[in-house]
Amino acid sequence: MAHIPDGVLSNPVLMAGAAVSLAGVALGLRELDPVKVPKVAVLSAVLFVAALVHFPVGLSSVHLLLNGLAGIVLGPAVFPAMLVALLLQAVLFGFGGLVVLGVNTMTMAVPALVAGSLFRRLWRNGGSPRRASLLGAVAGGGAVLLTALMVALVLTLSGREFATAARLVVLTHLPVMVIEAAFTAAAIALLARVKPELLA
């Protein structure tokens, strides 16, 4: 349930999420130059498609987020990329909603930005593909965990009746965290070998 539907969150939470996402998108667009546009478009498409592959977990299902990978490759431009992907998912497939789009963007893009910043800080002097892979695993898994915690937080802030759902969100995303850690590790190791400038 990384996609929170409309009608669930309280107005203060919706406004706070919209404000954070608006600031993030503005920052991302300000740093976006014509050279980066194709990269942002490709990652936005990958984020969009990733949400279509669902895995059953208990009575619910989850999907890959790939926000850690996107944060590493895009930096602040992850905000507009995430916004476009989530908007298309909401309009075309009913994942999430339009009113809650700001909160959904925030809960996915902020962890992506944190994961990407952490990766670049620890890998700024370069290093072996193995080191990049390890840092990628931490960033990929950590971004999923932080997303789940943020979704749980906004649900809890919207009412105590969502406390159980908030706990379930975190629990159901633990397997996703492991899968994304492995996937991001492999992807980052490959990029470190063939296109290390994407990680700079």
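The values are calculated or read from the model by the stated rules, or taken from the named source; none is laboratory data. Note that the coordinates shown come from a computational prediction; the quantities given were computed from them, not determined experimentally. Every residue, glycine among them, receives a Cβ derived from its backbone with ideal geometry; neighbour counts consider all protein chains shown.
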ILE188 meets each of (1) part of a helix (DSSP H, G or I); (2) within 16 Å of VAL13 (Cβ to Cβ); (3) β-branched (Val, Ile, Thr) with one exception, condition (2)
Number of the exception - MET82 against (1) over 23 Å from LEU171 (Cα atoms); (2) over 15 Å from the mean Cα position of the chain (by Cα); (3) crowded, with 24+ Cβ neighbours inside 10 Å
(2)
Which of the residues spanning the stretch 1-31 are under 14 Å from MET82 (Cα atoms) and of a type in the set (A, V, I, L, M, F, W, C)?
ALA2, ALA18, VAL20, LEU22, ALA23, VAL25, ALA26, LEU27, LEU29
Restricting attention to the stretch 3-31, report how many residues are outside any helix (DSSP H, G or I) and either in contact with a Leu (Cβ under 6 Å, 6 or more places away or on another chain) or surrounded by fewer than 19 Cβ atoms within 10 Å (Cβ to Cβ) (or both).
5
Selection count where residues are polar (S, T, N, Q) and either at pLDDT 95 or above or surrounded by 15 or more Cβ atoms within 10 Å (Cβ to Cβ) (or both), scope the stretch 115-130
1
So SER133 ticks every box in (1) among the hydroxyl-bearing types (Ser, Thr, Tyr); (2) modelled with pLDDT of 90 or more; (3) closer than 23 Å to HIS3 by Cα but one. Which box is left unticked?
(3)
Any pair with Cβ under 6 angstrom, 6 or more apart, that starts in the stretch 175-200 at a residue that is closer than 17 Å to ARG124 by Cα and touching a residue at least 60 places away in the same chain (Cβ under 8 Å) and ends at one that is in a helix (DSSP H, G or I) and not hydrophobic (A, V, I, L, M, F, W, C):
ILE188/SER133; ILE188/GLY136; ALA189/PRO129; ALA189/SER133; ALA192/PRO129; ARG193/PRO129
Could you grab the pairs with beta carbons closer than 9 Å, sequence gap of 6+ or different chains, first residue in the stretch 52-70 and assigned to a loop (DSSP other than H, G, I, E, B) and among the polar types (S, T, N, Q), second one surrounded by fewer than 16 Cβ atoms within 10 Å (Cβ to Cβ) and at pLDDT below 75?
none
Report, ordered by the first and then the second residue, all pairs with beta carbons closer than 9 Å, sequence separation of six or more or different chains, a first member in the stretch 141-168 that is more than 15 Å from THR107 (Cβ to Cβ), and a second member that is hydroxyl-bearing (Ser, Thr, Tyr).
GLY141/THR184; GLY159/SER10; ALA163/THR156; LEU168/SER60
